[in-house]
Amino acid sequence: MKAFAVSSKVVRLALLLFLGIFAFSFAAPSEAATFINLGTGTTGGTYYPVGAAMAKIWSSNIKDMKASAQSTGGTAQNIQLMSKGEAEVGFADGLYFFAYEGKGLFEGNAQKNLRALLPLYPEPIHFLVAKGSDIKSVADLKGKRVSTGAVGSGTEATAKMLLKIAGLDPDKDLRCEPLGLSDTASAMADKHIDAALTVGAMGIAGVVEMATLGIVEFVDLPDDLIQKVQAELPYMNPFSIPANTYKDQVKEVKTFGSWNVLIINQDVKDDLAYEMAKTLFENKKDLTVVSPRMESMSTDNLHYIQIPLHPGAEKYFKEVGALK
């Protein structure tokens with residue numbers, strides 16, 4: 001009986017130890033891992049491939065981080081995802097400024113959870129019309145079929161603001177087509193649209209495609225309209241697309257644009273935000289391979305950011321001497 005009692009205790013202890021190890025083996029990874037979702041943009045733009053590269057850099061270099069890049073409609077949807085806790089980080093054009101301030105589309109719904117992680121690159125609006133079109137100005141878009149960007153995108157918000165500033169009602173004066181950049185290129189090739197107002201970095205794939213096919217022309221935006229845009233949208237600045245940026249674009253194109261930033265939720269821990277900013281700058285070459293425009297990701301461009309920096313990012317920029 002005594003021998004049996006001892007062996008029973010041993011069995012019970014062994015069983016408890018096994019169960020503890022078994023439970024720990026399943027619980028430990030989920031408790032240790034930090035999951036980061038990065039809102040990007042449509043697959044035809046720059047945000048998505050660069051975002052995928054960023055997610056890979058973070059996952060490979062930051063201990064216990066599991067980062068993923070989500071294709072979205074762009075800035076407006078990224079901000080929405082972040083407000084719902086469905087994304088921790090997002091690409092954003094100048095619309096982030098209105099979101100933070102609670103103005104424009106975000107009237108009465110200020111997104112004070114937003115912080116800036118780092119500056120990215122400038123992004124002008126491209127005013128494209130079908131080759132041989134009689135459209136020479138924004139006013140000429142009246143009655144036309146115009147791509148104004150994917151639903152919920154920063155492109156859509158900017159394009160419709162531009163139309164309104166120019167005196168056109170997007171819902172009545174023209175037919176707005178909510179197309180992402182890839183779909184815009186297809187629709188232009190198939191002659192389903194007459195023009196497009198699209199926001200994107202110089203050399204963006206969808207615009208390159210249309211220019212290479214020889215199916216579009218670029219239209220300038222006049223100084224007086226640009227000034228009105230600046231008055232309404234303080235994050236916009238006059239911008240020129242240099243000649244020969246695109247095939248057969250022999251003249252400089254006058255337009256306006258905003259600086260893209262990577263925004264992050266203020267609730268992300270300071271140490272983690274610090275590591276995220278640091279690893280991106282340390283692996284910048286991997287981002288420029290994906291998109292040469294990422295050369296503009298520089299601490300010299302911090303002054304373009306118009307909302308508070310995340311404390312973790314601020315710590316990094318002070319560490320490298322970019323901030324005092």
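Every read-out reported here was derived from the displayed coordinates using simple, explicitly stated rules and does not represent laboratory data. A quick note: this is a predicted structure, and the numbers were derived from the prediction, not measured. All Cβ positions, glycine included, derive from the backbone under ideal geometry; neighbour counts span all protein chains shown.
Using a cutoff of 8 angstrom between alpha carbon atoms and counting only pairs six or more residues apart, the relative contact order for segment 35-107 works out to 35 percent.
For the chain, adding -39500 (n - 2.57) for each run of n ≥ 4 DSSP H residues and dividing by the number of residues yields -12500 deg cm²/dmol at 222 nm.
Cα centroids of segment 96-127 and segment 296-315: 14 Å apart. Counting only DSSP beta bridges whose two residues both lie in the chain, roughly 65 percent are antiparallel. What does the charge count near residue 171 come to, summing +1 for each Lys or Arg and -1 for each Asp or Glu among other residues with Cβ under 12 Å from its Cβ? Residues near residue 171 contribute +2 overall. With a cut-off of 15 Å between beta carbons, the residues surrounding residue 272 carry a summed charge of -1, where Lys and Arg count +1 and Asp and Glu -1. Within the shell of other residues whose beta carbon sits under 13 angstrom from the beta carbon of residue 44, the net charge comes to -2, with Lys and Arg scored +1 and Asp and Glu -1. Using Cβ point charges alone (K and R +1, D and E -1), the dipole size of segment 114-154 about the Cα centre works out to roughly 100 debye. Extension gain for residue 136-residue 33 works out to 31.6 nm (0.36 nm per residue, less the C-alpha to C-alpha distance). Sorting the segments 59-65, 252-258 by their mean number of nearby beta carbons within 10 angstrom, highest to lowest, gives 252-258, 59-65. Distance check, please: which entries in 191/284; 84/247; 131/160; 56/247 exceed 30 angstrom between their Cα atoms? From the list (191/284; 84/247; 131/160; 56/247), the Cα-Cα distance tops 30 Å for 191/284; 84/247; 56/247.
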